[in-house]
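Okay, so here's the structure we're looking at.
Each reported figure results from applying straightforward, stated rules to the coordinates on display, with no laboratory input. Since the model is a prediction, treat every value here as computed from it, not as a measurement. Using ideal geometry, Cβ is built from the backbone for each residue, glycine included, and neighbour counts are taken over all protein chains shown.
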Amino acid sequence: LFTSIISTDLPPERYTPPDGCQQSVSFKDNVVIPYEGIRADALPPGQRSLLLSLLQTYTSHLRPGHDQVWMEEIKQHLAET
């Protein structure tokens, strides 16, 4: 932990200079980031299944039972993703 996030107070290896790729930074708390990429509901069933398998890779690290709760939540909102 660091006592400050000011660039001059951070060790050199922890400072990331602005490169124009940051979408949301200090003082832009309510920034609206435009959607990019393909929507999950536009994927064919086989690719949608692969997407769910990929997401399960991450949810499987949750406590037993919670992983399934999260997967159900994801499936409910997949058409909006």
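Points to keep in mind about this one:
- Positive contributions from Lys and Arg (+1) and negative ones from Asp and Glu (-1), summed over other residues with Cβ under 15 Å from the Cβ of I74, come out at -2.
- 3J(HN,Hα) along region 5-13, derived from phi through the Karplus expression 6.51 cos²θ - 1.76 cosθ + 1.60 where θ = phi - 60°, amounts to 10, 5, 4, 6, 8, 7, x, x, 6 Hz, with x in place of Gly and Pro.
- Relative to the dominant Cα principal axis of the chain, helix 66-77 is inclined by about 80°.
- Shape class for the chain: prolate, because the ratio a/c of the largest to smallest gyration tensor axis (alpha-carbon atoms, square roots of eigenvalues) is 1.5 or more and a/b beats b/c.
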